[in-house]
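Colleague: Sharing a structure here in structure tokens format.
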Amino acid sequence: MEQTMEAIGFRRYGPAEVLEPLEVARPPLTPDGVSIRVAAAGVNPADWNLRSGRLRRFARLTFPFVPGADVAGVVAAVGPAVARFRPGDAVYAMLPNVAGGGYAEYAAAAERAVVPAPPNLSLAEAAGVPLAALTALQGLRDQAALRPGTWVLINGALGGVGHFGIQIAGALGARVVAVCSGRNADLARDLGAEEVLDYTRDDPTAGEARYDAIFDTVGATPFRHWRRALRRDGVFVTIVPTLGNLARQWLTRVGGGPRLRTFFVRPSGADLELLGDWIAAGRVRPVIERCYPLAEAVAAHRHSESRRARGKLVLIVDERLAASRAGAAPRRDVARAESGGDAVSASRQG
Ligand SMILES: NC(=O)c1ccc[n+]([C@@H]2O[C@H](COP(=O)([O-])OP(=O)(O)OC[C@H]3O[C@@H](n4cnc5c(N)ncnc54)[C@H](OP(=O)(O)O)[C@@H]3O)[C@@H](O)[C@H]2O)c1
């Protein structure tokens, strides 16, 4: 008999209020898959962009749809081809964005996307990491090609992606100028920005500074505006892909002068592992502005949609698990709770 679970999702596109409690089938376990008992799920703008229907031309959803790309929890079961994990392991993962599935008691991910959760974080904190930190890493390392000593300006520096961006740029050896509102300036400095520009008072491109890279997480100002603050061989990386940006990406590749690059984040266990190493070493940390119980997902979406979130917002799915540190997750309790005729968890012996 099919096993069900509780989740929050939507049956039609619309405002935050279309989110509702659902009873849905547990995701099936594939041979190379890991079933995760979810402790907490991160909230990302992609979740409400999917919910509102804004992305419907690019991503066809089947209803009811359970959003959520970020999960942290403990392994409930593994497929027969999985070698790295066993039930009870504390893990985190980025699920493919359009697949969703994080706002639920259980999620399934391919083994290659799953990584041990950093031992110095609670699982609630770990849930705030994957998608946003992977975006910052893949944008700054792969698209902007930051190297030690290069100067990068990060716009939207205290959002989910931006606050990781400050720290990841620092871990890559780059020097950071952060653009955010004045209320966030102290935190930006605390995370490693050498200089902070308040966009509510000044135009960040107005000074004499010329950057090697500009990393834009906001998308409110066009490339032609930022261009003048770039060195001739500089690069503007935007994580807000538009048709115009995709066209300009090609034009600036052949035209000479500062380039524009845009991209979509992809799940990567290897990249998440690197981030986990930096987190364990204290070089990167998630800032979690607020945790909401899963049942308050409507309020969490409204908060995220305000575009004023500071760092990350997280949904707590299992309060006890979410509070436990990944390094001290109650492995045996969880393994026991998962046993007893549970066909999913019985699929592999530790
Ligand atoms: N391409 C991809 O693969 C990818 C991946 C992840 C995210 N994204 C997109 O990237 C965007 C950012 O994601 P996120 O998770 O970082 O969002 P977020 O957490 O909601 O960002 C909120 C932050 O944006 C700042 N902000 C708002 N308006 C601003 C402005 N005009 N200038 C400077 N800062 C401003 C706010 O700072 P203040 O309160 O200080 O103004 C707030 O800290 C979203 O549109 C998301 O959909 C794309």
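The values are calculated or read from the model by the stated rules, or taken from the named source; none is laboratory data. Remember, it's a predicted structure, so these values are computed and weren't measured experimentally. All Cβ positions, glycine included, derive from the backbone under ideal geometry; neighbour counts span all protein chains shown.
Colleague: Criterion first (closer than 19 Å to residue 161 by Cβ and modelled with pLDDT of 95 or more) does residue 110 satisfy it?
Modeller: For residue 110, the condition - closer than 19 Å to residue 161 by Cβ and modelled with pLDDT of 95 or more - is not met.
Colleague: Looking at region 192-201, which of its residues are surrounded by fewer than 24 Cβ atoms within 10 Å (Cβ to Cβ) and within 22 Å of the chain's Cα centre (by Cα)?
Modeller: Within region 192-201, just 192 meets the criteria.
Colleague: Sticking with this structure for a sec: Report yes if some residue within region 283-305 is of a type in the set (Ser, Thr, Tyr), touching a residue at least 24 places away in the same chain (Cβ under 8 Å) and under 17 Å from residue 155 (Cβ atoms); otherwise report no.
Modeller: Among the residues of region 283-305, not one is of a type in the set (Ser, Thr, Tyr), touching a residue at least 24 places away in the same chain (Cβ under 8 Å) and under 17 Å from residue 155 (Cβ atoms), which makes the answer no.
Colleague: Criterion first (touching a helix residue (DSSP H, G or I) at 6+ places or on another chain (Cβ under 8 Å), more than 21 Å from residue 273 (Cα to Cα) and surrounded by 24 or more Cβ atoms within 10 Å (Cβ to Cβ)) does residue 169 satisfy it?
Modeller: Taking the combined requirement at face value, the residue does not satisfy it.
Colleague: Within region 196-212, does at least one residue satisfy the condition of being under 25 Å from residue 314 (Cα atoms) and more than 9 Å from the ligand (Cβ to nearest atom)?
Modeller: Checked against the condition, which is being under 25 Å from residue 314 (Cα atoms) and more than 9 Å from the ligand (Cβ to nearest atom), region 196-212 yields no hits at all.
Colleague: Restricting attention to region 178-187, which residues are more than 9 Å from the ligand (Cβ to nearest atom) and crowded, with 24+ Cβ neighbours inside 10 Å?
Modeller: Passing the criteria: only 178.
Colleague: May I ask you to say which residue of 104, 99, 171 is in the same structural domain as residue 51 (by TED's automatic domain parsing), away from the ligand (no atom under 16 Å from the Cβ) and aliphatic (A, V, I, L, M)?
Modeller: 104
Colleague: Go through 85, 10, 65 for me and flag whichever is farther than 16 Å from residue 294 by Cβ, in contact (Cβ under 8 Å) with a residue 12 or more places away in the chain and buried (at least 16 other Cβ atoms within 10 Å of the Cβ).
Modeller: One residue alone meets the criteria, 85.
Colleague: Of the residues 149, 100, only one is within 17 Å of the chain's Cα centre (by Cα) and either among the β-branched types (Val, Ile, Thr) or on the phi > 0 side of the Ramachandran plot (or both); which?
Modeller: Result of the check over 149, 100: 100.
Colleague: Another one. Hey, among the residues in region 247-288 that are in contact with a strand residue (DSSP E or B) (Cβ under 8 Å, 6 or more places away or on another chain) and under 18 Å from residue 325 (Cα atoms), which one's surrounded by the fewest Cβ atoms within 10 Å (Cβ to Cβ)?
Modeller: Checking each candidate, the answer is 273.
Colleague: Can you tell me which of 270, 295, 300, 280 is of a type outside the set (Asp, Glu), within 16 Å of the ligand (Cβ to nearest atom) and more than 14 Å from the chain's Cα centre (by Cα)?
Modeller: 300
Colleague: For region 115-167, give me the residue count where each residue is within 11 Å of the ligand (Cβ to nearest atom), more than 26 Å from residue 293 (Cα to Cα), among the polar types (S, T, N, Q) and assigned to a helix (DSSP H, G or I).
Modeller: Selection size over region 115-167: 2.
Colleague: Also: How do the pairs read when you match residues in region 238-263 that are on the phi > 0 side of the Ramachandran plot with residues anywhere that are modelled with pLDDT of 85 or more, using Cβ under 9 Å and keeping only pairs 6 or more apart or on different chains?
Modeller: Filtered contacts from region 238-263: 256/232; 257/227; 257/230; 257/232; 257/233; 257/234.
Colleague: Would you confirm, using the coordinates I've provided, whether residue 224 is modelled with pLDDT under 95, farther than 21 Å from residue 142 by Cβ, more than 9 Å from the ligand (Cβ to nearest atom) and loosely packed, with under 15 Cβ neighbours inside 10 Å?
Modeller: yes
Colleague: OK, next. Working only within region 13-54, note down all residues that are polar (S, T, N, Q) and without any contact (Cβ under 8 Å) to a residue 60 or more places away in the chain.
Modeller: Correct list: 49, 52.
Colleague: Something else: Taking helices (runs of 4 or more DSSP H) that do not extend beyond region 222-331, which have at least 3 residues that are of a type outside the set (A, V, I, L, M, F, W, C) and closer than 23 Å to residue 120 by Cβ?
Modeller: It comes to 269-280.
One line per residue, one yes/no per condition, for (1) touching a Ser or Thr at 6+ places or on another chain (Cβ under 6 Å); (2) of a type outside the set (Gly, Ala, Ser):
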| site | (1), (2) |
| --- | --- |
| 43 | yes, yes |
| 62 | no, yes |
| 91 | no, yes |
| 98 | no, yes |
| 127 | no, no |
| 135 | no, yes |
